[in-house]
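Here's the structure we're looking at; comments come further down.
The values are calculated or read from the model by the stated rules, or taken from the named source; none is laboratory data. None of these values were measured; they are calculated from a predicted model. Cβ coordinates were reconstructed from backbone atoms using ideal geometry, including for glycine residues, and neighbour counts include every protein chain displayed. Side chains included, ligands, DNA and RNA excluded: accessible areas come from the protein's heavy atoms. Shrake-Rupley method; radii C 1.70, N 1.55, O 1.52, S 1.80 Å.
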Amino acid sequence: MSKLELQIAWRYLRSRRGSKLLSLISIIAIGGVLVGVSALIIIIGVMNGLQHDLREKILVGSPDIRVLTYGEDLKVSDWKEALDKVRKQPGVVAAAPFVLTEALMSTGHDYAGAAYVVGLLPSGHGVPDVTTIREHVVQGDFRFASADGQRRGIVLGKLLAMRFNKYLGDSINLLTSGGGKMNPVTGEFTPRLQSFEVTGIVSTGMYEYDNSYAFVALDRAQYLANLGDGVTGIEVKTTDRWQAASVGARLTSVLGWPYRTVDWQEQNHSLFQALALEKMGMGVILLLIVLVAAFNIVSTLTMVVADKTKEIGILKAMGMASASIRRIFFAQGLVIGVVGTGLGLILGFGGALALDKYQFIKLDPTVYFIDHLPVSTQDTNVIWIVLASIAIAAVATVYPAVQASRLFPIEAIRHE
């Protein structure tokens with residue numbers, strides 16, 4: 001593209017004296033691209049941030065892989081042997097047994113509420129951190145060390161502790177159905193009751209963990225769930241979370257029947273699939289804004305062709321080739337696309353940074369698991385948005401450029 005072609009394209013974008021309509025339409029076309037690009041960057045950033053934030057918060061108390069078993073009782077009896085095999089497998093950083101059960105929590109008064117009870121190995125030398133839940137303790141610790149030395153400590157989620165108005169040193173009772181075992185004499189469930197001392201408060205920022213989870217020593221959870229020496233399963237931390245599926249398949253092969261594995265993506269498959277679909281849908285919808293801007297570019301250049309018909313005829317009469325005329329209008333559309341995309345990029349990044357830093361949009365954590373709208377812009381997404389915007393702007397120039405190049409010099413000059 002020659003310097004002359006660029007000069008003519010730039011001149012055509014500006015309105016001549018006494019006619020400011022075309023310059024206004026050019027600004028509107030640039031504004032359409034700007035709005036589309038900035039909206040895409042912000043919304044895709046929000047969707048990325050939502051996915052990342054939810055994933056990290058969910059995995060605070062959820063391991064990369066859970067080794068479970070088939071069977072009616074869903075209990076791993078020979079877990080020590082299985083644990084040794086798991087720890088020896090490549091890709092495994094740490095592994096530990098766990099117990100998961102449900103209990104009725106009460107303080108000896110009229111109020112009682114349900115809670116998920118997780119049994120973990122008490123913190124200490126040589127005890128692996130399979131998840132990051134221990135890093136989120138705000139008071140106390142995960143040693144479960146009660147005042148009587150019997151490891152009757154319990155760590156409560158922050159909101160759960162507030163709901164029961166409990167602080168460090170207070171006592172609380174857990175009542176379970178004893179694993180659903182029936183009393184052969186009465187024909188009723190044999191409940192199990194234990195009293196615990198609050199020895200820690202944990203705050204993860206995820207509503208479900210903070211409002212519904214309580215953590216106790218592994219042996220206490222085994223008693224509550226009536227598992228004997230068994231456990232619910234084995235938690236596994238991998239070297240790379242994104243390779244958890246392949247590591248899980250290897251563990252299933254090594255351990256054999258009746259063991260099975262569930263990785264973190266399987267555990268939350270519905271949620272992550274819904275987020276991915278929503279991200280794609282929002283991207284397609286907002287891309288339509290850029291397409292609308294492309295129609296503005298078409299209309300702008302078409303009006304330029306109509307307004308500059310005589311000038312185009314003179315240029316062709318002076319020997320300018322049809323290809324040069326096409327390049328002039330291509331340059332006009334490209335300028336609109338590049339300027340609009342550049343301004344949209346600045347506005348989009350600015351809006352995304354402001355949303356992330358100042359957290360303007362608050363969310364109800366009881367509904368969305370998080371308390372504000374997170375934003376995470378990814379270079380790959382931004383590059384695709386920029387390329388798509390400029391490509392659409394370039395394609396929009398094809399029709400008016402071809403129409404301009406087809407004008408016959410004599411008819412164009414006689415147009416006015």
Build a GNM of the chain with springs between Cα atoms under 10 Å: which of 402, 202, 262 gets the top mean-square fluctuation?
402
Once both axes come from the Cα atoms, what is the angle between helix 244-255 and the longest principal axis of the chain, in degrees from 0 to 90, rounded to 10?
30 degrees
Where labels lie 7 Å past Cα in the beta-carbon direction, separation of residue 349 and residue 123 in nm
4.1 nm
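So, counting K/R as plus one and D/E as minus one, what does the shell of residues with Cβ under 9 Å around residue 174 add up to?
So the surrounding residues net to +2.
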Using all Cα-Cα distances in the chain, what percent lands in each 10 angstrom bin from 0 up to the longest?
4, 17, 19, 16, 11, 9, 9, 7, 5, 2, 0
Quick one: compute a quarter of the convex hull surface over the Cα atoms of region 12-151 and quote it in nm².
19.8 nm²
Let's test this: bin the Cα-Cα distances of region 294-345 at 10 Å from zero up to the farthest pair and state each bin's percent.
23, 47, 23, 7, 0
Where does helix 21-58 land angle-wise versus the long Cα axis of the chain, in degrees 0 to 90, nearest 10?
10 degrees
What whole-number value in Å² describes the accessible area per residue of region 231-373 for a 1.4 Å probe?
51 Å²
Any lysines whose Cα falls less than 26 Å from that of residue 166, other than same-chain ones fewer than 8 residues away, would be 57, 158
Using a simple spin-label model with points 7 Å from Cα along the Cα→Cβ vector, what separation in nm is obtained for residue 84 and residue 138?
4.3 nm
What accessible surface, in Å², does a 1.4 Å probe find on residue 138, ignoring ligands, DNA and RNA and rounding to the nearest 10?
90 Å²
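What is the chain's relative contact order, in percent, from Cα pairs under 8 angstrom and six or more apart in sequence? Could you put the intermediate results ahead of the total?
Numbers: 761 pairs, mean separation 117.6, N = 416.
Answer for the chain is 28 percent.
Calculated FRET efficiency, residue 165 and residue 292, Cβ-Cβ r, R0 56 Å, to nearest 0.05? Each step should come with its number before you reach the end.
Details: r = 56 Å, r/R0 = 0.99.
FRET efficiency, residue 165 to residue 292: 0.50.
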